[in-house]
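The values are calculated or read from the model by the stated rules, or taken from the named source; none is laboratory data. Owing to the predicted nature of the structure, the values given are computational and were not obtained by experimental measurement. Every residue, glycine as well, gets a Cβ built from its backbone with ideal geometry; the counts of neighbours run over all protein chains shown. Ligands, DNA and RNA are stripped out before the accessible areas are found, and what is left, the full protein with its side chains, is counted by its heavy atoms. Shrake-Rupley method; radii C 1.70, N 1.55, O 1.52, S 1.80 Å.
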Amino acid sequence: MLAYALKRLLSAVPTLFLIVTISFFLMRVAPGGPFHLERPLEAKVMENLNRLYHLDEPLWRQYFLYLSNLLRGDLGPSFVYRDFTVADLFAAGLPVSIQLGASALALALLIGTFLGCIAALRQNSAADYLVVGIATFGITVPPFVVAPVLSLIFGVSLGWLPAGGWGDGALANKILPVLTLALPQIAIVARLIRGAMIEALRSDHVRTARAYGLPTRIVVAVHALRAAILPVVSYLGPAAAALLTGSIVVETIFGIPGIGRYFVQAALNRDYTLVMGTVVVVSLFVVLFNLVVDLLYAWLDPRVRFNA
Amino acid sequence: MTGKLIRLAAGAALAALLASAAAAAEVTYMRGNDSDPETLDQHKTSTVSEANILRDLYEGLVVQDPAAEVVPGVATDWQVSDDGRLWTFSLREDARWSNGDAVKAEDFVYSLRRILTPETGAKYATILYPIKNAEAVHAGDMAPEELGVAAPDSQTLQITLENRTSYFLELLTHQTALPVHPASVEAHGTDFVRPENMVTNGAYTLAEFTPNDKIVLSKSDTFHDADNVAIDRVVYIPFEDRSACLRRFEAGEVHSCSDIPTEQMAYVKDKLGDAVRIAPYLGIYYYAVKADKPKLADIRIRQALSMAIDREFVAEEIWAGAMLPAYAFVPPGIGNYPQGASADYKDMDPLDREDRAKELLEAAGHGPDNPLVVEIRYNTSENHQNTATAIADMWKAIGVTTTFVNVDGASHYAYLRDKGDFDIARAGWIGDYSDPQNFLFLVKSDNSGFNYANYANPEYDALLDEAAETSDLDARAEILRQAEEIFMRDLPYIPLLFYSSLNLVSDRLQGWQDNLQNVHGSRWLSLAP
């Protein structure tokens, strides 16, 4: 198992290298630079800034400079947030994003699984239609609608929860953003579980369990769910990446200091190092999550283990 | 059970009481800001949101009062030599840094040298070029010691200028003229801006900085006017989403917002009434015309294009009253400029204007058989798009066909700066100081960075040069007015709208005065319970 994990991690190195290289040059193809602002800078100032940030050197040298710094774990200074290094920005933002993303994922798994099971057990009943309806709603209504509406209802009108802000991570400040982030994921998980569960309930091993006279509770929770959860597990990798990167809307609307906004902001600001930093961090996350998912899969499904 | 409940309730009441007592002891002002600062190093800043914070942290030689008038800051008074080139400032004796050090004239000498040293990478150093040798120092052709600043003693600062500069005091209110604490910069390098290292001389010190979350300032006890500073803590919150600030304002979580979503203006005015502050601002929204392009070189064509634009419609319908129609380039109310020039068709009936515009186009050789085709470039934004679409529609009425190109902001400005080929391009300018020179210099022929139009008119340049050497302010204003007349005749830029400052101000927040420069130092404000 450990050897397998190590091998997988090592095989990610060339992938990461490729991602970094392509992103580096793609970013430079875009016109403009970090110092092209609405109010143009004098040529002399621009020259000084370019020299300070090595932008006056040939691109290939900048590339090798970046690579060698990266290998030493140095993500460089941010071009736009000049008081911070890229590492500083991630140190402050990543824990927030992880907290938010993990809470949303946990919530989505819990509620999504529950709803999915109910829908599957009562297939084609009112409850089933209700769950499928809610799921469709959750997927189709975008977060930039859900977030302000929640904030308006619970923050402004009712005054039960803060309308925005992180509040140093207070629970009350997390509820609405987590809910907004979780909603589409709940919907997806519920649909995945429903489909897989319907199939699992008809499978031989569940029928056998039923024939042994086990209570429905046990049959569903232990035998059927274990098979039905597999599609959700494969979905976890993309979901985690989506939650980490897709939180830009939620972060902007609720004023959450996560890293989601850097994905868009940095690219628009041509903050080259920050763009590269986000690319590296997210690629790492995707690689790690896919590994975790594979390991989980093997643990859950004896067939995979046997083949391996 | 009941006993437990009562105890719980009593505990909660006690906690609430304690919390309110603590709140009474410390006044916290939750202040919405446009965005996070790119830096808190006053020598590297360029944005308005940075200026807001730095104004609270540091005190310059002069400062702006609640009405944005220039009043003494660290300097108590000053003299100017007869030729207008030597300024002598006397510094107050009770000025202190937040670590207790005295604020000395040498600190200002150090600071001005630092911003103009090329290695600092200051984005806005050019604003200080009126100081003697500043340009040469900044280009690296001279040593920083050659800069025209000196401290004969710790209480006296002398600044020598390259030329007479009537707006020099206004210039010193800009955040680039704020002092740094030399010992901290020497000890910490670029990290002197971190909360644990920063030493300031203003009404507040930096307590906390969490990117994208908040910047917390706390009142400085070493500030000479600390007795009159009413607010203990200022929490700056960056809002990229203006609607988010509006919601938090409505929920009572912030006391002021530095912008209002114009698309919700009707609702906001209706719901929030007096809290909505719309005031004239020192900014112009314009279309730059590539004046040296054969197709657009004829002045009559540019005049026709300008004349056909119904600015009132754009201001009211597209910007919901958040902008004012502009028939001149220099915003009204600006300092040292009692009366500016203005287009003569300002008060003409729109239909007559249309007819005259058609005549002008015809005279320039364009008609139904040979229609003028122009392209408008703008940076992607809903309001810029709506504005361009409306203007294209107005131009259609005089037989001009318009196409559009829109790209993101960074690409747009890179294109303009690199002298890309365009017909008409959207741009804007917010004045750094309250003087017409700060607007009219944009299209001076030697202004390579800002003159997108490639406009070159020796007569215009000569007037600006003459104004720079004129000491009598009335005579100078008249010369600048003549320059603006030429500007409005030649129209290298077609002025469209004057910006307004948009603020939401809670009725609890007192001492807030609307002003042209939209500066509101927290030290002048107080928060009613």
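Quick look at the values:
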read-out	value
Neighbour count of at most 14 Cβ within 10 Å plus DSSP loop: longest trypsin sites (Lys or Arg not before Pro)-free window in chain B	B:1-345
For chain B, with +1 on Lys and Arg beta carbons and -1 on Asp and Glu, the positive-most of B:Pro325, B:Ala139, B:Ile159 along the dipole	B:Pro325
Convex hull volume of segment A:94-256 per residue (C-alpha atoms, cubic angstrom)	119 Å³
Value of Rg/Rh across segment B:253-332 [Cα atoms, Kirkwood radius]	1.11
Globularity ratio of segment B:280-501, using Cα Rg and 2.2 N^0.38 Å	0.97
Qualifying GluC sites (Glu not before Pro) in segment B:187-293, DSSP loop, other Cβ atoms within 10 Å at most 14	B:Glu196
Average accessible area per residue (Å²) across segment B:317-460 - probe 1.4 Å, nucleic acids and ligands excluded	41 Å²
Derived scalar couplings ³J(HN,Hα) [segment A:227-240; Karplus, 6.51 cos²θ - 1.76 cosθ + 1.60; whole Hz; x for Gly, Pro]	7, 6, 7, 4, x, 5, 4, 5, 7, 4, x, x, 5, 4
Cα gyration tensor shape of segment B:202-274, rounded if a/c is under 1.5, else prolate or oblate by comparing a/b with b/c	prolate
Check: segment A:94-256 dipole with +1 on Lys, Arg Cβ and -1 on Asp, Glu Cβ, in debye	560 debye
Local net charge near A:Ala170, Cβ-Cβ under 14 Å (Lys/Arg +1, Asp/Glu -1)	-1
Taking chain A and dividing mean pair separation by its residue count, relative contact order in percent (alpha carbons under 8 Å, at least six apart)	26 percent
Relative pair counts by distance (%), Cα atoms of segment B:355-402, 10 Å bins	27, 46, 21, 6
Heavy-atom accessible surface of segment A:94-256: percent carbon and sulfur, 1.4 Å	70 percent
For segment B:280-501, with +1 on Lys and Arg beta carbons and -1 on Asp and Glu, the positive-most of B:Thr401, B:Ser501, B:Ser434 along the dipole	B:Thr401
Prolate/oblate/rounded label for chain A (Cα gyration tensor, a/c 1.5)	oblate
Contact order normalised by residue count of segment B:280-501, Cα under 8 Å, 6+ apart, percent	40 percent
Dipole magnitude of chain A, debye to nearest 20 (Cβ charges: Lys/Arg +1, Asp/Glu -1, about Cα centre)	980 debye
Across the protein assembly as shown: Cys residues that no other cysteine approaches within a C-beta distance under 4.7 Å	A:Cys117
In segment B:89-144, GluC sites (Glu not before Pro) in a DSSP loop with at most 13 other beta-carbon atoms within 10 Å	B:Glu93
Relative contact order for chain B, counting Cα pairs under 8 Å that sit 6 or more residues apart, in percent	20 percent
Kirkwood Rh in Å, taken over segment B:110-207 so that all alpha-carbon pairs contribute	14.5 Å
Dipole of segment A:94-256, positive direction: furthest Cα of A:Gly155, A:Ala200, A:Thr140, with charges on the beta-carbon	A:Ala200
Accessible area buried at the B-A interface, both sides summed, 1.4 Å probe (Å², nearest 100)	4200 Å²
Segment B:280-501, accessible surface, carbon-and-sulfur percent (1.4 angstrom probe)	50 percent
Proximal charge balance of A:Leu150 [Cβ under 14 Å; K/R count +1, D/E count -1]	+3
Crossing angle, helix B:458-468 versus chain B [Cα axis fit, 0-90 degrees, rounded to tens]	30 degrees
More than 44 Å apart - percent of Cα-Cα pairs taken over the protein assembly as shown	38 percent
For segment B:213-276, size of Cβ-based charge dipole, Lys and Arg +1, Asp and Glu -1, in debye	160 debye
Cα shape, chain B, gyration tensor, a/c 1.5 rule	oblate
Helical contribution to [θ] at 222 nm, DSSP H n ≥ 4, -39,500 (n - 2.57), averaged over the protein assembly as shown, rounded to 500	-14500 deg cm²/dmol
Shielding score for B:411-418, defined as the mean number of other chain Cβ atoms within 10 Å	6
Where labels lie 7 Å past Cα in the beta-carbon direction, separation of B:Ser448 and B:Asp393 in nm	4.2 nm
Separation of alpha-carbon centers, segment A:67-106 and segment B:442-461, rounded to whole Å	43 Å
Greater than 32 Å apart at Cα, pairs in B:Lys123/B:Lys396; B:Lys132/B:Lys293; A:Lys44/B:Lys219; A:Lys174/B:Lys271; A:Lys44/B:Lys104	B:Lys123/B:Lys396; B:Lys132/B:Lys293; A:Lys44/B:Lys219
Residues losing 50 Å² or more accessible surface upon assembly, segment A:125-168, compared with the chain by itself, 1.4 Å	A:Val156
